[in-house]
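Enquirer: Before anything else, here's the structure in question.
The values are calculated or read from the model by the stated rules, or taken from the named source; none is laboratory data. Given the structure is predicted, the values throughout are model-derived calculations rather than measurements. Cβ sites come from the backbone with ideal geometry, for glycine too, and all protein chains shown count toward neighbours.
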Amino acid sequence: MINALLSPKWIGQLAFLFLITAFTPNPSLGTKPAPKKAPQPVRIRTFVFEYKTTVRDLPPSASAVDLWLPVPHSDKSQTISDLKIESPHPYEVVKAQYNNQMLRLKVRSPSAEPFTVSVRFQAARREHLNPVVAPKSADAASATEAPDPNMTRWLQPDRLVPLDGKIRQWANEVVAQANAHTNLEKAQAIYNHVVSTVKYDKTGQGWGRGDIYYACDARRGNCTDFHAVFIGYCRALGIPARFSIGFPLPPERGTGELKGYHCWAEFYTPETGWVPIDASEAAKNPAQRAYFFGAHDENRVELTRGRDLTLAPSQQGAPLNYFVYPYAEVDGQPFTSLEQHFYYQDLKLPPTKRK
């Protein structure tokens, strides 16, 4: 019997049974779950920002000059602190539409000499992640906000973003082709369409105004043009969408002067709340196309929201297409002899303590 068990045939069968037993999970012992990937914290960038404007070449006949500069305020995505304003003339900081904040000064019988106004502040800008669409971390849930009292406005047209029959037709064609049914699916289809068919290109004339017909015809432009199409198509389908504008910061930390503005958008559904998107950044960086549907990175600062803006106190000229650069009037007429500079400096983080 022992000799039979030691035969090559039985030895092979015993070895096979041993291997099966050794590598088969035993429910009574429990199974070790796969390690979960640790959630990544929301990124925060802290920096000092300076907005400097010089008014030049005032006409000798001027009886009064009015100047308005945007001043950022804190919200769910940024904390503004240590605001410092330098001005040779008295000024006030006031609230206007959509909770926008601005500096306004009025100089009567102004001198022909140039004068400079500086707005300096510290910003802590948080990566804005929608907790439903982009649940990157547990911290993303903190990105919720109070109901927007201007929800009806975000369904209405802008002067350069009409909601006429042609725009509604084009928007419906986009969502039909994508077989999109829910508002979230429709917004995703519009985003994909804009990113895929509009080129980031600031050559020629017409770009930068956020004219939806220009963007749909030329299929190129800057961030303002990209988001005119996205916002217009969303609103045409009954999806609230809103526009924000400020300045971009380069991803590399440091210090420098910024040459121009950046704008972005959000849309709303009851299931998700406000969802951030950045179609122009996605077009420039195809690898981040998925990221920018549901997220805004921390490399930016918002100054104002909305278009066709009335300032406070109200300007005498037409509503502003958007408000990111200084605006001035001399004796009630728009005045453009303004020189502006924008600087940033990242703040160093304290050294990490050793454990």
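Enquirer: All but one of (1) in contact with a Phe, Trp or Tyr (Cβ under 8 Å, 6 or more places away or on another chain); (2) more than 23 Å from A96 (Cβ to Cβ); (3) of a type in the set (A, V, I, L, M) hold for A295; which doesn't?
Expert: It fails just one condition, (1).
Enquirer: Of everything in the stretch 145-160, what is of a type outside the set (A, V, I, L, M) and assigned to a helix (DSSP H, G or I)? Give them in sequence order.
Expert: R153, W154
Enquirer: Checking D225 against (1) touching a helix residue (DSSP H, G or I) at 6+ places or on another chain (Cβ under 7 Å); (2) surrounded by fewer than 24 Cβ atoms within 10 Å (Cβ to Cβ); (3) of a type in the set (D, E): exactly one of these is not met. Which one?
Expert: For D225, the failing item is (2).
Enquirer: Another question, if that's okay. Within the bounds of the stretch 66-79, is there any residue that is in contact with a helix residue (DSSP H, G or I) (Cβ under 7 Å, 6 or more places away or on another chain) and of a type in the set (A, V, I, L, M, F, W, C)?
Expert: Taking every residue of the stretch 66-79 in turn, none turns out to be in contact with a helix residue (DSSP H, G or I) (Cβ under 7 Å, 6 or more places away or on another chain) and of a type in the set (A, V, I, L, M, F, W, C).
Enquirer: Of the residues that sit in the stretch 177-195 and are in contact with a His (Cβ under 9 Å, 6 or more places away or on another chain) and over 13 Å from P286 (Cα atoms), which one is surrounded by the most Cβ atoms within 10 Å (Cβ to Cβ)?
Expert: Applying the filter and picking the extreme gives A178.
Enquirer: Still on this structure, please answer the following. Assigned by TED's automatic domain parsing to the domain that holds A146, assigned to a loop (DSSP other than H, G, I, E, B) and over 20 Å from the mean Cα position of the chain (by Cα): does that describe E271?
Expert: The answer is yes for E271.
Enquirer: Is there any pair linking a residue in the stretch 54-71 that is under 15 Å from Y325 (Cβ atoms) to one that is of a type in the set (V, I, T) and in a loop (DSSP other than H, G, I, E, B), with Cβ under 8 Å and at least six apart or on different chains, and which?
Expert: Taking only residues 6 or more apart or on different chains, the pairs are P70/V324.
Rundown of residues vs (1) over 27 Å from S63 (Cα atoms); (2) modelled with pLDDT of 95 or more; (3) of a type in the set (D, E, K, R); (4) buried (at least 16 other Cβ atoms within 10 Å of the Cβ), yes/no style:
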| residue | (1), (2), (3), (4) |
| --- | --- |
| T272 | yes, yes, no, yes |
| P276 | yes, yes, no, yes |
| A279 | yes, yes, no, yes |
| A283 | yes, yes, no, yes |
| L303 | yes, yes, no, yes |
| T310 | no, yes, no, no |
| G332 | no, yes, no, no |
| K355 | yes, no, yes, no |
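For every residue, the table says whether it meets (1) of a type in the set (G, A, S); (2) at pLDDT 55 or above; (3) within 36 Å of the chain's Cα centre (by Cα).
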{"position": "L17", "(1), (2), (3)": "no, no, no"}
{"position": "I20", "(1), (2), (3)": "no, no, no"}
{"position": "N26", "(1), (2), (3)": "no, no, no"}
{"position": "R43", "(1), (2), (3)": "no, yes, yes"}
{"position": "K52", "(1), (2), (3)": "no, yes, yes"}
{"position": "V55", "(1), (2), (3)": "no, yes, yes"}
{"position": "P60", "(1), (2), (3)": "no, yes, no"}
{"position": "A64", "(1), (2), (3)": "yes, yes, no"}
{"position": "P72", "(1), (2), (3)": "no, yes, yes"}
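Enquirer: What number of residues within the stretch 236-286 are aliphatic (A, V, I, L, M) and closer than 21 Å to Q101 by Cβ?
Expert: Qualifying residue count, the stretch 236-286: 4.
Enquirer: Looking at this structure, is S314 in the same structural domain as P59 (by TED's automatic domain parsing), within 26 Å of P59 (Cα to Cα) and among the small types (G, A, S)?
Expert: Against the criterion (in the same structural domain as P59 (by TED's automatic domain parsing), within 26 Å of P59 (Cα to Cα) and among the small types (G, A, S)), S314 does not qualify.
Enquirer: When residues of the stretch 66-77 are filtered for being in a strand (DSSP E or B) and either of a type outside the set (V, I, T) or touching a Phe, Trp or Tyr at 6+ places or on another chain (Cβ under 7 Å) (or both), how many remain?
Expert: Qualifying residue count for the region: 6.
Enquirer: Within the stretch 291-298, does at least one residue satisfy the condition of being outside any loop (DSSP other than H, G, I, E, B) and of a type outside the set (G, A, S)?
Expert: yes
Enquirer: While we're looking at this one, here's another question. Anything in the stretch 196-217 that is of a type outside the set (V, I, T), in contact with a Phe, Trp or Tyr (Cβ under 8 Å, 6 or more places away or on another chain) and surrounded by 17 or more Cβ atoms within 10 Å (Cβ to Cβ)? List them, or say none.
Expert: Passing the criteria: Y200, W207, G210, Y214, A215, C216.
Enquirer: Give A124, A143, A215 a once-over and let me know the one that is at pLDDT below 95 and hydrophobic (A, V, I, L, M, F, W, C).
Expert: A143
Enquirer: Still on this structure, please answer the following. Within the bounds of the stretch 252-259, is there any residue that is buried (at least 24 other Cβ atoms within 10 Å of the Cβ), under 26 Å from K52 (Cα atoms) and out of contact with any Asp or Glu (no Cβ under 7 Å at 6 or more places or on another chain)?
Expert: Within the stretch 252-259, none of the residues are buried (at least 24 other Cβ atoms within 10 Å of the Cβ), under 26 Å from K52 (Cα atoms) and out of contact with any Asp or Glu (no Cβ under 7 Å at 6 or more places or on another chain).
Enquirer: Considering only the stretch 182-205, state which residues are closer than 16 Å to P276 by Cβ and either small (G, A, S) or not assigned by TED's automatic domain parsing to the domain that holds F292 (or both).
Expert: A187
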